[in-house]
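Chemist: Before I ask anything, let me first share the structure, which is written out below as structure tokens.
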Amino acid sequence: MESQLDYHTAKALLEWQVEFGVTETISDVPVNRFEVAPEPKAKPVLVAAAQARAAPVRPMHPAPVEVDGTVLARAASAGAHDIAALKVAMAGFEACELKRGARNLVFADGTPGARVMVIGEAPGREEDRDGLPFVGAAGQLLDKMLGAIDLSRTENAYLTNVLPWRPPQNREATPEEIAMLLPFLERHVTLAKPDFLVLMGNVACQAVLGKRGITRLRGEWDEAMGLPVLPMFHPAYLLRNPEKKREAWADLLSLKVRLRD
Ligand code: URA
């Protein structure tokens, strides 16, 4: 509706209304509130969905805690105060997946307390079957090698491996497996108290010396775990490379000299 009032009159009327406390303007056409459409309400399902999006997700169970196998192995091995207890601790160790694929724990063979402790890599098929290290073809060659310098597992040599369980398809030990199981090997050496360690091949060198390269390392006396250490070619490698037996023989003689001195 067009105003009939001039500007100054309209302004004066407005100011007069404000003076009387008017706070709201209403139109000159009445509003029928019964006809006004109600404010649309949010659909409950949408509200629930929005709340679900905004709310933090609460898991039903606490997230699984990542367990460090090396820490568990260190704790388990530290509690073993003799070799028999260490074997029990290793048999009960569940953090290493290799255990689930193996038939037996391959702990050690020979004479605990012998001056020479031989450390190999891991059990193969025969070792896994019998639960003893170095019983297959490589083990038979090892026995001959030791015999050549008057050592034998039944009298004066003690044999074990870096891994006590056979890896699937005889694959090489991974750095993670070596690191996880190293506390057991360290404890084993401490409890067996040998005078010398003989490391058969790269995996044993990796575990004990923290380095590989057996062609360069073999025959060079080193020190680890507080003991003199002799890296040698692995007997399985010698079976495949018989021309390397000459070097292995030289290394055995160097061990024999140390044992005599
Ligand atoms: N090779 C190893 O290193 N250890 C064994 O016990 C058998 C084969």
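Chemist: Which order do you get for Lys244, Lys211 if you rank them by accessible area with a 1.4 Å probe, largest at the top?
Modeler: On the way: Lys244 50, Lys211 85 Å².
Accessible-area ranking of Lys244, Lys211, largest first: Lys211, Lys244.
Chemist: Oh, and also: Between Leu259 and Arg216, how many nm apart are label points set 7 Å from Cα along the C-beta direction?
Modeler: Between Leu259 and Arg216, the label points sit 3.0 nm apart.
Chemist: Something else now. Can you tell me how region 131-251 classifies by the Cα gyration tensor, rounded, prolate or oblate, using a/c under 1.5 as the rounded cut?
Modeler: Rounded, since a/c falls under 1.5.
Chemist: Which FRET efficiency value, to the nearest 0.05, do you get for Ala91 and Asp130 by plugging their Cβ-Cβ distance into 1/(1 + (r/R0)^6) with R0 = 25 Å?
Modeler: Numbers: r = 16 Å, r/R0 = 0.62.
That pair, Ala91 with Asp130, gives E of 0.95.
Chemist: If I stretch the segment between Glu223 and Asp82 completely, what's the gain in nm (0.36 nm per residue apart, minus their alpha carbon distance), one decimal? Let's see the in-between values first.
Modeler: Values: separation 141, 0.36 × 141 = 50.76 nm, distance 2.38 nm.
The Glu223-Asp82 span can extend by a further 48.4 nm.
Chemist: Run the simple label-point estimate for His61 and Ala137 please: 7 Å along Cα→C-beta, distance reported in nm.
Modeler: According to this spin-label approximation, the distance is 4.7 nm.
Chemist: Here's a follow-up. Compare the Cα positions of Leu252, Val189, Pro123 along the charge dipole of region 78-260 (+1 at Cβ of Lys, Arg; -1 at Cβ of Asp, Glu; about the Cα centre) and return the one farthest towards the positive end.
Modeler: Going by the Cα projections, it comes out as Leu252.
Chemist: Provide the solvent-accessible area of Val135, counting protein heavy atoms only and rolling a 1.4 Å probe, rounded to the nearest 10 Å².
Modeler: 40 Å²
Chemist: Here's another thing I want to ask about it. As a test of reading the structure, rank Arg115, Arg166 by solvent-accessible area (1.4 Å probe, protein chains only), most first.
Modeler: Arg115, Arg166
Chemist: Taking loop as defined by DSSP and a crowding limit of 13 other beta carbons within 10 Å, which GluC sites (Glu not before Pro) in region 98-185 fit?
Modeler: Filter output for region 98-185: Glu155.
Chemist: Could you calculate the contour length gain from Arg103 to Glu15, that is, 0.36 nm times the residue separation minus the distance between their Cα atoms, to one decimal place in nm? Please list the in-between numbers first.
Modeler: Numbers: separation 88, 0.36 × 88 = 31.68 nm, distance 10.01 nm.
Full extension of this stretch gives 21.7 nm more.
Chemist: When the dipole is taken about the Cα centre of region 72-112, and only Lys, Arg (+1) and Asp, Glu (-1) are charged at their Cβ, what size is it in debye, to the nearest 20?
Modeler: 120 debye
Chemist: What FRET efficiency would be calculated for the residue pair Val71, Glu243, taking the C-beta separation as r and a Förster radius of 35 Å, to the nearest 0.05?
Modeler: Computed FRET efficiency for Val71 and Glu243 comes out at 0.20.
Chemist: With +1 on the Cβ of every Lys and Arg and -1 on the Cβ of every Asp and Glu, and nothing else charged, how large is the dipole of region 78-260 about its Cα centre, in debye rounded to the nearest 20? Don't jump to the answer; show the numbers that get you there.
Modeler: Working: 24 positive and 23 negative charges, 68 e Å.
Charge dipole, region 78-260, about its Cα centre: 320 debye, nearest 20.
The values are calculated or read from the model by the stated rules, or taken from the named source; none is laboratory data. Note that the structure is a prediction, hence the values are computed from the model and not measured. All Cβ positions, glycine included, derive from the backbone under ideal geometry; neighbour counts span all protein chains shown. Just so you know, the surface numbers come from the protein's heavy atoms only, side chains and all, with ligands and any DNA or RNA stripped out. Shrake-Rupley method; radii C 1.70, N 1.55, O 1.52, S 1.80 Å.
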